[in-house]
Amino acid sequence: MLYHLLPDLTDVHIVFNLFRYQTFRAAGAVVTALLLSFLLGPAIIGWLRRLRVGQVIRSDGPESHFEKAGTPTMGGALILFSAGLSTLLWAELSNWYTILCLTALLWLGLLGFLDDYLKVIRGKTEGLVARYKLLGQFAFGIAIGLFLLFRPISPYPSTWTGVPFFSDYMLVFSAPIYVAFVAIVLAGASNAVNLSDGLDGLACGLVAIAAATFAVFAYVTGRVDTSAYLGIFYLPGAGEMAVFAVALSGAALGFLWFNSHPAQVFMGDTGSLAVGAAIGVMAILLKAEFLLVIVGGVFVLEAASVILQTGYFRYTARTTGTGRRIFRMAPLHHHFEKLGWPETKVVIRFWIVGILCALLAMSTLKIR
């Protein structure tokens, strides 16, 4: 909004010209998102307490988690509001990269809200039936894929995507495969973040790291000079997505203030499904879907642990009559808790791995 209003006042004072620059507006967006989270957090937590929107703890989880039962959930609404409002204030609102990211945040936020609402009403951990949740995620992913096919927003064919560590090699999909690929990436990112949201501060800290990393990629990809120098896609307008990305990172850090151990509020599916989808959409729009595996390495490990655990249990139950497990408990963060690691140690070590993944992703800009 400010981008559309204030640069016209340059004749009044030269300072208004700053609002033309993405770096200045990105700085404004991250500060705004942080401040909104800090200021609105106590009020939203109090409101959720009055509504008795408490977290339901799975009965087979670590014993240390039972004391968290009743802690306000659906706090991810704070992230969505802070990141969304900050983006509306500081980003170019006619830019398709901005519009699609905000749409992903809203759509999956509503789906997550429905899931959380059903959990609270039913008093069970299942929430929305899994197939309906996947249907909502895949439907949105298919819609994004079809939109990019019929309304390309970059000079490159929509079905092209980049490959990390290669500057002159691109993977090309057929149109149907591309749409399916986009849907899988979006649903996978959304669910992976959701599965990681099991310890105080874990998911929102990793989201802040991943979003900040994609902000860098968005900025360099959207500049003709840096993209040519680094040998990556030049996507006009993509730099505007950096404003959204840092707003999301700032909102996640602001939420961490209240979600750090011992958590005063949980993100819930309202937040985790939405921010996961937003990260997935950023990767899709930047043609960096495979880079997402590196940036979100911890999310990938968390999701893989659940897939492996479930698959192996069913396989051994069918072949031997007794289901066996690879991990003491899935997702992976619970496995380490079962090994005796304190919750805070698991969280901090996973953050460290997340930072290392981000640095490895950054190295792909030069190692080509």
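Before moving on, here are some points about what is shown:
- Selection count, the range 341-353, where residues are in a loop (DSSP other than H, G, I, E, B) and either in contact with a Leu (Cβ under 8 Å, 6 or more places away or on another chain) or surrounded by 14 or more Cβ atoms within 10 Å (Cβ to Cβ) (or both): 1
- For the range 142-192, a residue qualifies if it is polar (S, T, N, Q) and either open to solvent by less than 50 Å² (accessible area, probe 1.4 Å) or in contact with a strand residue (DSSP E or B) (Cβ under 8 Å, 6 or more places away or on another chain) (or both), and the qualifying residues are SER154, SER158, THR159, THR161, SER190, ASN191.
- Residues that are closer than 15 Å to PHE38 by Cβ and among the β-branched types (Val, Ile, Thr) within the range 249-281 comprise just one, VAL265.
- Only one entry of ALA274, ALA278, ALA283, ALA288 meets the criterion of being closer than 15 Å to ALA211 by Cβ, in contact (Cβ under 8 Å) with a residue 24 or more places away in the chain and in contact with an Asp or Glu (Cβ under 9 Å, 6 or more places away or on another chain), and that entry is ALA283.
- Residue match in the range 247-254 (condition: of a type in the set (Gly, Ala, Ser), crowded, with 24+ Cβ neighbours inside 10 Å and touching a Cys at 6+ places or on another chain (Cβ under 6 Å)): yes
- Selection from the range 237-252 of residues that are out of contact with any Leu (no Cβ under 9 Å at 6 or more places or on another chain) and on the phi < 0 side of the Ramachandran plot: GLY239, GLU240, ALA242, VAL243, ALA245, VAL246, SER249
- Among the residues of the range 216-271, just one is closer than 14 Å to LEU199 by Cα and of a type in the set (Ser, Thr, Tyr), namely SER260.
- Per the conditions (1) assigned to a helix (DSSP H, G or I); (2) more than 18 Å from TRP96 (Cα to Cα), the sole criterion not satisfied by LEU171 is (1).
- Where helices (runs of 4 or more DSSP H) fall wholly inside the range 275-340, the ranges with 3 or more residues that are open to solvent by less than 30 Å² (accessible area, probe 1.4 Å) and more than 17 Å from ALA242 (Cα to Cα) are 297-320, 332-338.
- Tabulated pairs, the range 71-97, first closer than 17 Å to LEU273 by Cβ, second aromatic (Phe, Trp, Tyr) and assigned to a loop (DSSP other than H, G, I, E, B), C-beta under 9 angstrom, 6+ apart or interchain: THR73/PHE266; MET74/PHE266; GLY75/PHE266; GLY76/PHE266
- Qualifying residue in the range 79-94 (condition: assigned to a helix (DSSP H, G or I), within 30 Å of GLY231 (Cα to Cα) and either at pLDDT 95 or above or open to solvent by less than 60 Å² (accessible area, probe 1.4 Å) (or both)): yes
The values are calculated or read from the model by the stated rules, or taken from the named source; none is laboratory data. All values derive from a computational prediction rather than experimental measurement. Note: ideal-geometry Cβ built from the backbone for every residue, glycine included; neighbour counts use all protein chains shown. These accessible areas exclude ligands, DNA and RNA; they are computed on the full protein's heavy atoms, side chains included. Shrake-Rupley method; radii C 1.70, N 1.55, O 1.52, S 1.80 Å.
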